[in-house]
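If you scroll down you'll find the structure; I have some questions about it.
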Amino acid sequence: MAPLDDGLAVHYTALEKGTPVFSSEEVEVGRVVEVLDNYREHIFDGLVVETTDGSRRFVDAPEVARTAERAVTLTISAEEVAKLGPPPTSGGGGGGLLGRLFGRR
C-alpha cells in the first residue's frame with residue numbers, strides 16, 4: 001500500500017469542513033465537520049468527525065497525529081474510532097469537561 005498523499009502539514013485552524021480523516025492504519029473513517037479549540041488560549045481541543053456510517057464522533061486532540069492539506073491522520077485505529085463518543089454539546093449548562101466528568105448534562 002502506498003503512503004498516504006495528504007499534502008503539506010497545516011495548522012489545525014486551516015482544516016476545512018469535509019477534509020477526509022484516516023485512522024492510524026490509513027483507513028478512511030470519516031470527514032471533518034468541525035474543529036474545536038479554546039480560542040482565547042489557542043489550544044486545539046479536537047475534531048467533530050462524521051464517520052462513514054453517518055454518525056458524529058468527537059476525536060480528542062491527542063488522538064490527532066497530523067493535520068494536512070488533504071487529510072487528517074489519527075493515532076488510533078478505525079476500530080477505536082467506532083468506539084468514540086459523540087461530540088460535546090455546545091451552549092449553556094453543559095458544564096464543559098468538569099460537567100461531563102461529574103455527570104452534569
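Rundown of residues vs (1) assigned to a strand (DSSP E or B); (2) out of contact with any strand residue (DSSP E or B) (no Cβ under 7 Å at 6 or more places or on another chain); (3) of a type in the set (A, V, I, L, M), yes/no style:
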| residue | (1), (2), (3) |
| --- | --- |
| GLY18 | no, no, no |
| SER24 | no, no, no |
| GLU34 | yes, no, no |
| ASP37 | yes, no, no |
| ASP45 | yes, no, no |
| GLY54 | no, yes, no |
| PHE58 | yes, no, no |
| ALA65 | yes, no, yes |
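Could I ask something else about it? Mind checking whether some residue in the range 1-16 is open to solvent by less than 30 Å² (accessible area, probe 1.4 Å) and under 16 Å from ILE76 (Cα atoms)?
No, the range 1-16 has no match at all.
Another one. Cβ contacts < 7 Å: first residue closer than 27 Å to ALA82 by Cβ, restricted to the range 36-49; second residue polar (S, T, N, Q), any location; separation 6+ or different chain. Result?
So the pair list comes out as ASP45/ASN38.
Please find, within the range 22-49, the residue that is surrounded by the fewest Cβ atoms within 10 Å (Cβ to Cβ) out of those that are over 21 Å from THR89 (Cβ atoms) and within 14 Å of the chain's Cα centre (by Cα).
Residue satisfying both the conditions and the ranking: GLU28.
Scan the range 72-86 and give yes if some residue there is assigned to a helix (DSSP H, G or I), modelled with pLDDT under 95 and loosely packed, with under 13 Cβ neighbours inside 10 Å, otherwise no.
For the range 72-86, residues assigned to a helix (DSSP H, G or I), modelled with pLDDT under 95 and loosely packed, with under 13 Cβ neighbours inside 10 Å: absent.
The values are calculated or read from the model by the stated rules, or taken from the named source; none is laboratory data. Quick caveat, the model's predicted, so the values are computed rather than measured. Cβ: placed from backbone, ideal geometry, glycine included. Neighbour counts: every protein chain shown. Note: accessible area is taken over every heavy atom of the protein model, side chains too, but ligands, DNA and RNA are not part of it. Shrake-Rupley method; radii C 1.70, N 1.55, O 1.52, S 1.80 Å.
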